[in-house]
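Reading through the structure tokens given below for one structure.
The values are calculated or read from the model by the stated rules, or taken from the named source; none is laboratory data. Keep in mind that this is a model prediction, so the values were computed, not measured. Cβ atoms come from the backbone with ideal geometry, glycine included; neighbour counts cover every protein chain shown. Accessible surface is based on the protein model in full, side chains and every heavy atom, while ligands, DNA and RNA are left aside. Shrake-Rupley method; radii C 1.70, N 1.55, O 1.52, S 1.80 Å.
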Amino acid sequence: MRRVLIVDDEPQMTRALDINLKARHYDVATAPDGTTALRLAARKPPDAILLDLGLPDVPGIDVILGLRVWTSLPIIVLSGRTDTTEKIAALDAGADDYLTKPFLMEELFARLRAVLRRPPAIDEPGTVTLADWLVDLGAYTAVPASGDGEPLHLTPTEWRLLTPLLRNPGRLVTGRRLLREVWGPEHEERTNYLRVYVACLRRKLEPDPAHPRHLITEPGLGYRFEP
């Protein structure tokens, strides 16, 4: 049984999630506030967390940051806050997905299944398969997976942009984070940089750059690497 921790101070929402999760054969734990959530997650780590941002003791963003100190377990934010800046802040803090209340239960469970299928984040240098290429994040090389052909040349900027995407398979990496890590905090609004360089990476790495399958755009939010 997969174990899911619900973090929400609304009894009706908690009850609805609890009933629906158990009906789908998930093991469930609940926490009415951030402090309890952090304690329960540390004592018995769940397989995923459903987290409301508006908690009574500490902001949900702080809960995400606290969890990300020691774990990469999937976190789906469930929030009534619709402002894009709130979504970006949660994703920048380390959330894997963001669903706005009210939502359809079937959509929630589709997203939950998706995050549970994802491979874990790559903390150490390793080799990642991207379409027809084997990309070595430690050696900064990309060679044909078939073993035949020449290595692919990527510029230093392309490597800096590609690496955080490949280290977080299936997870959305916000545009602000990419701009900050690649070009510096003073360039966080230069979204045109990302469009140009991601297009270059797709031309080099994707079999069909016009219809990318691996380097995916999340409009208004950022980019995602799908293995």
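Count of region 171-194 residues, restricted to those that are closer than 12 Å to residue 217 by Cα and part of a loop (DSSP other than H, G, I, E, B), is 1.
Only one of the numbered conditions (1) open to solvent by less than 60 Å² (accessible area, probe 1.4 Å); (2) touching a Ser or Thr at 6+ places or on another chain (Cβ under 9 Å); (3) modelled with pLDDT of 90 or more is not met by residue 155, and that is (2). The residue of region 158-175 that is farthest from residue 204 (Cα to Cα), among those that are surrounded by fewer than 20 Cβ atoms within 10 Å (Cβ to Cβ) and basic (Lys, Arg), is 167.
Every residue, every condition in (1) within 20 Å of residue 168 (Cβ to Cβ); (2) modelled with pLDDT of 95 or more, yes or no:
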{"site": "3", "(1), (2)": "no, yes"}
{"site": "52", "(1), (2)": "no, yes"}
{"site": "61", "(1), (2)": "yes, no"}
{"site": "85", "(1), (2)": "no, no"}
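For region 195-215, name all the residues that are in a loop (DSSP other than H, G, I, E, B), loosely packed, with under 13 Cβ neighbours inside 10 Å and either on the phi > 0 side of the Ramachandran plot or free of Cβ contacts under 8 Å to residues at least 24 places away in the same chain (or both). Passing the criteria: 208, 210, 211.
Restricted to region 133-152, and to residues there that are assigned to a loop (DSSP other than H, G, I, E, B), touching a Ser or Thr at 6+ places or on another chain (Cβ under 7 Å) and modelled with pLDDT of 85 or more, the residue that is least open to solvent (accessible area, probe 1.4 Å) is 145. Residues in region 71-100 that are out of contact with any Pro (no Cβ under 7 Å at 6 or more places or on another chain), surrounded by 14 or more Cβ atoms within 10 Å (Cβ to Cβ) and assigned to a loop (DSSP other than H, G, I, E, B): 74, 81, 94, 95. Restricting attention to region 156-174, which residues are over 21 Å from residue 114 (Cβ atoms) and touching a residue at least 12 places away in the same chain (Cβ under 8 Å)? Result: 157, 158, 159, 160, 161, 162, 163. No other residue among 16, 23, 41 is at negative phi, small (Gly, Ala, Ser) and surrounded by 19 or more Cβ atoms within 10 Å (Cβ to Cβ) apart from 41. Residue selection: residue 123 fails the criterion of being closer than 20 Å to residue 8 by Cβ, among the charged types (D, E, K, R) and at pLDDT below 85. Among the residues of region 23-60, those identified as in a loop (DSSP other than H, G, I, E, B) and in contact with an Asp or Glu (Cβ under 6 Å, 6 or more places away or on another chain) are 32, 33, 52, 55, 56, 57.
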